[in-house]
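A short worksheet on the structure shown next.
Rule-based calculations on the coordinates, nothing more; no lab input. The structure presented is a predicted model; accordingly, all values stated were derived computationally and were not measured. With ideal geometry, Cβ positions are generated from the backbone for all residues, glycine too; neighbour counts draw on all protein chains shown.
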Amino acid sequence: MTTLTVTSKGQVTLRKDILAHLGVHPGQKIDVDKLPDGRLEMKAAPPAERVGDISDLFGIFKTPDGPRLTIEEIDEAIQRGWAGQR
């Protein structure tokens, strides 16, 4: 059993071994359920839908055997796509 201390602000810091047991990393959230007998149940919250960064898109259209498009060809394809939706 682990004993934790409550601060004057009502906060409790979970130790690294507890976070590791929950599988929680910095920035992640924890769900806490209040049980009727005064106990709490904690578990790692399911990850929220992540908004990625631009590096997640690198290579998304790359195919091993496919043609490489120039910037001009990509711009032309974009213009044709927009024109086709009007």
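Once the convex hull of all Cα atoms in the chain is built, its volume per residue stands at 249 Å³.
The loop-placed trypsin sites (Lys or Arg not before Pro) in the stretch 1-74, going by DSSP, that have at most 11 neighbouring Cβ atoms within 10 Å of their Cβ come out as K9, R15, K29, R39, R50, K62, R68. On full extension, the segment bounded by K9 and L57 gains 13.0 nm, given 0.36 nm per residue less the C-alpha separation.
Calculated mean residue ellipticity at 222 nm for the chain: -7500 deg cm²/dmol, from DSSP H runs with n ≥ 4 weighted as -39500 (n - 2.57), summed, divided by the residue count and rounded to 500.
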